[in-house]
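Each remark here refers to the structure printed beneath this line.
The values are calculated or read from the model by the stated rules, or taken from the named source; none is laboratory data. Treat the numbers as computed from the prediction; the structure is a model and nothing was measured. So basically every Cβ, Gly included, is an ideal-geometry build from the backbone, and we count neighbours across all protein chains shown.
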Amino acid sequence: MPGYQEVYESSITDSRKFWLDLAQDIHWYQAPSHALDDSNPPFYRWFPDGKTNACFNAVDLHVNNGRGDQTAIIYDSPITGSAAKISFQELQTRVSLVAGIMVDNGVVAGDRVIIYMPMIPEAAIAMLACARIGAIHSVVFGGFAANELAVRIDDCTPKLIFAASCGLEPGRTVEYKPLLDSAISTATHQPDTCVVLQRPQATASMIEGRDVDWTTAESSASPADCAELAADHPLYILYTSGTTGQPKGVVRDTAGGIVSLKWTMKNIYGVEPGDVYWAASDVGWVVGHSYIVYAPLFHGNTTVLYEGKPVGTPDPGAFWRVISEHNVRILFTAPTAFRAIKKEDSSGEYLKKYDVSCLKALFLAGERCDPDTLHWAEQKLAVPVIDHWWQTETGSSICSNYLGFDLLPIKPGSPTVAAPGYQVDALNPRGELCAAGEIGALAIKSPLPPGTFTNLWNAPERYQQAYFSTFPGYYETGDSGYIDEDGYVFVMARTDDVINVAGHRLSTGAMEEVLAAHPDVAECAVIGADDSLKGQVPVGMLVLNSECNKSEDEICKEVIQRVRNEIGPVAAFKSAVVVKRLPKTRSGKILRATMRAIADGSDWKMPATIDDPAILDEIAGSLRSIGYPQRT
Ligand code: COA
Ligand code: AMP
């Protein structure tokens, strides 16, 4: 069997042959005759003349190949106390009917469909149903507020929206329908139809003429078949945070995603068809798209859809119960989930109650994995703990260790080495290669491999400008870091205003827009401060208008509530403080990085361009008053 190095090199020296060979591993209605259309960089098209269907590859293919009785989805919901298993055969039936609901409501290939649903099987069914007929889905995470949903409705102009009456957070029912109605009423674009699944925990009120009851519609729908789609037909749009309040609609094509994701299951995660694979994330994030729904199903695995948390549902043994009950081979989650478990059960008492010997490895991603968490997980689980580096834009890992090959030595703090197809370099501001160990901007040589984003919805110029303009010939990841003498990549921090809160990517710029809109706020800045549980949390600094006659405490409470209402609880914006002024360079640029260093208690240098150094003492005092730097 070839080793990692050999496979990696063949993916770089003859990438077209490499990917065209791998493309033979999926089902095509029309196989591609060549690998890449590079006539219009950076808009590359992989497998340009191929025709395929993601739903067929995820579902029908397995039924046709005799896996119909195998469980495709295990739904495990400690929050509702329920569980269910859906076979590939049952999945095919339900997906075809839900696709039929769309056809009945006039949805055709290329139309957009928003899915605003919690972690229940119907969310995955709706995604697959869209893929079946070529409707382009856009899943919106349930922790976003109505305003964020409205922004997405206006950007991708869906013909139809799938929603559920509610999501369930520990101790709280999140009613989705009022949020959906409010989003539609503020949006300019109006969907024709909303298909609403009534859950027993909350009954949504329906709007005559627009809203359709999911269960009734599914029971009367005629099954719809898979459409033969062009390889570059968009499979989905997934919005992610950029530096402004306008999220970026990452577009993933159909064929690239199937070929690359299917390959990763055996080669990165080391699973065989039939194995149980669990990504403890949410369908609203890219990890959920790739590794709760598509990749495990493409590979004929059983995927676990878990409606719960690592702790509190009901205790820090929740993950161990799921692993042992369902014979999970691979668990993929964010380091923050393990920090939460470690915080509540550092000695691993709950782990002792379960037999987790079925687990082969733990994969972590979504944020930098601190060595403490890595070592704790290694020691408690006694399996390889693999940090791998990811972005919504790439759809699968850029760097990883590989269970499908001989495992490379683990270096804590590094997501190991570049995945096949990815040529990762650290570049200095002049675009030159950094020396080994020297920190620079992490960039990937263009063209990116299949499965990576092909555009930004409605924003091709932003696609070009935001990602491909700084370093000619490269995709700019927005992460900084270094590569050591063994080729191990270390991802250190973002180079932009994006922060990572509990493995969720959020824009401080978007939060600043909300704070700045408060009538008493003259100026503001939001920074991501280190947090022992969530990795980072946002902290707002406010300069008030001189005529403000409310107390500072009142204003802070108001802006915290505004961020919750306008961006959503997932922003975890809970700290704000009033300051007299913000530190700036002489040209007026706010010194966010210096404030962040002060908040983290890390070393910082007085910026040479600061207009008034005394301000930094004031900032340090204000941050201390709200508990920063955090004591661990
Ligand atoms: N719908 C509605 N609200 C949601 C939500 C959803 N789907 N998901 C989270 N929220 C809410 C939470 O209830 C919480 O609200 P609160 O302020 O009223 O308490 C808020 O958003 C922040 O949520 P979260 O960041 O998840 O924090 P938490 O304290 O509820 O849980 C962890 C902390 C570590 C347990 C949790 O963040 C976790 O499991 N993280 C894993 C991250 C992950 O899967 N990342 C994906 C990349 S792999
Ligand atoms: P998202 O697009 O939400 O998946 O977030 C992607 C960002 O999360 C990356 O650009 C990184 O900043 C961060 N990230 C993801 N995985 C890792 C990792 N293994 N190590 C360090 N940072 C990571």
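A few notes on this one:
- The stretch 502-523 residues that are on the phi > 0 side of the Ramachandran plot, paired with ones that are in a helix (DSSP H, G or I) (beta carbon under 7 Å, 6 or more apart): Ala502/Thr336; Gly503/Thr336
- Reported count of residues in the stretch 228-262, each being at pLDDT 95 or above, small (Gly, Ala, Ser) and surrounded by 20 or more Cβ atoms within 10 Å (Cβ to Cβ), is 6.
Condition check ((1) among the polar types (S, T, N, Q); (2) in contact (Cβ under 8 Å) with a residue 12 or more places away in the chain; (3) closer than 30 Å to Leu408 by Cα; (4) within 16 Å of ligand 1 (Cβ to nearest atom)) across all residues:
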| residue | (1), (2), (3), (4) |
| --- | --- |
| Tyr8 | no, yes, yes, no |
| Asp14 | no, no, yes, no |
| Ile26 | no, yes, yes, no |
| Asn40 | yes, no, no, no |
| Asp49 | no, yes, no, no |
| Arg67 | no, yes, no, no |
| Thr80 | yes, yes, no, yes |
| Ser96 | yes, yes, no, no |
| Tyr116 | no, yes, no, yes |
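Each row is one residue, and each column tells you yes or no for (1) basic (Lys, Arg); (2) away from ligand 1 (no atom under 16 Å from the Cβ); (3) under 27 Å from Gly528 (Cα atoms).
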site	(1), (2), (3)
Arg321	yes, no, no
His326	no, yes, no
Arg329	yes, yes, no
Arg339	yes, no, yes
Lys353	yes, yes, no
Ser357	no, yes, no
Lys360	yes, yes, no
Glu367	no, no, yes
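- Test for Tyr306: is it under 28 Å from Gly451 (Cα atoms) and either more than 16 Å from ligand 1 (Cβ to nearest atom) or crowded, with 23+ Cβ neighbours inside 10 Å (or both): yes
- Where a residue in the stretch 327-343 is over 17 Å from Gln536 (Cα atoms) and its partner, wherever it lies, is of a type in the set (D, E, K, R) and more than 9 Å from ligand 1 (Cβ to nearest atom), with Cβ under 8 Å and at least six apart: Arg329/Asp275; Arg329/Lys360; Ile330/Asp275; Ile330/Lys360
- Filter result (within 16 Å of ligand 1 (Cβ to nearest atom), surrounded by fewer than 22 Cβ atoms within 10 Å (Cβ to Cβ) and either not assigned by TED's automatic domain parsing to the domain that holds Leu97 or not in a strand (DSSP E or B) (or both)) within the stretch 147-175: Asn147, Pro170, Gly171
- Hits in the stretch 543-584 - residues which are of a type in the set (S, T, N, Q) and touching a helix residue (DSSP H, G or I) at 6+ places or on another chain (Cβ under 9 Å): Asn565, Ser575
- Single residue of Pro371, Pro296, Pro314, Pro310 found to be closer than 26 Å to Leu128 by Cβ and either at pLDDT below 95 or more than 16 Å from ligand 2 (Cβ to nearest atom) (or both): Pro296
- Selection status of Thr416, surrounded by 17 or more Cβ atoms within 10 Å (Cβ to Cβ) and either over 21 Å from the mean Cα position of the chain (by Cα) or on the phi > 0 side of the Ramachandran plot (or both): yes
- Whichever residue in the stretch 229-272 is among the charged types (D, E, K, R) and assigned to a helix (DSSP H, G or I) and, among such residues, is nearest to the chain's Cα centre (by Cα): Lys262
- Residue satisfying all of: in the stretch 485-528; hydroxyl-bearing (Ser, Thr, Tyr) and within 13 Å of ligand 2 (Cβ to nearest atom); modelled with the lowest pLDDT among these: Thr495
- Of all residues in the stretch 272-293, those being away from ligand 2 (no atom under 16 Å from the Cβ), touching a strand residue (DSSP E or B) at 6+ places or on another chain (Cβ under 8 Å) and touching a residue at least 60 places away in the same chain (Cβ under 8 Å) number 2.
- Among (1) surrounded by fewer than 19 Cβ atoms within 10 Å (Cβ to Cβ); (2) within 27 Å of the chain's Cα centre (by Cα); (3) in a helix (DSSP H, G or I); (4) modelled with pLDDT of 90 or more, the one test that Ala593 misses: (4)
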